[in-house]
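To start, the structure itself, in structure tokens.
The values are calculated or read from the model by the stated rules, or taken from the named source; none is laboratory data. The shown structure was predicted, so the numbers you read here are calculated from the model rather than taken from an experiment. Ligands, DNA and RNA are stripped out before the accessible areas are found, and what is left, the full protein with its side chains, is counted by its heavy atoms. Shrake-Rupley method; radii C 1.70, N 1.55, O 1.52, S 1.80 Å.
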Amino acid sequence: PPADVPPPVDQSANPPGTATDDSVDLVELPAMQADLVAKAGSDTVYFGTDESLLDDQARATLAAQARWFMANQSVRGSIEGHADERGTREYNLALGERRANAAKNFLISQGVPAGRLTTISWGKERPVAMGSNEEAWAQNRRAVTVVIR
């Protein structure tokens, strides 16, 4: 495989639907995720090329997400930062982290307690759109709010 692609993760230690952080297992909640999308309109905000600034549409989406989190006090969120395929793995991991933190900080500014939110950067490792064109790149420059236990 190309040098910048990490080896596959052994999923045998974790049941499907879980991700691990160094200190805690994060269990995704699909039904609550669907409720977030239904009530907030989206679980995803998008960014411009090489940017981590939130535009008006992203702020509106995150404000709706914040209202949902405030109404659902028993859940937490993991904000996943992503980048398009251009750039090095290291650059895209840092960019994904800035994007995740921008979304997290906005949610906190709207009243969501910081202790209920975590961040992770996937960089360019988990694209939602395949392709080497602006349409695919635009879909991959994003931060996704994932509902966790």
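Points worth noting:
- Of the residues Leu117, Leu29, ranked by 1.4 Å probe accessible area with the largest first, the sequence reads Leu29, Leu117.
- Euclidean distance of C-alpha centroids, the stretch 38-99 and the stretch 127-149, integer Å: 10
- Calculated from backbone phi, Karplus (6.51, -1.76, 1.60) coupling profile of the stretch 111-123 in Hz, x at Gly/Pro: x, 6, x, 4, x, 8, 10, 10, 10, 8, 10, 9, x
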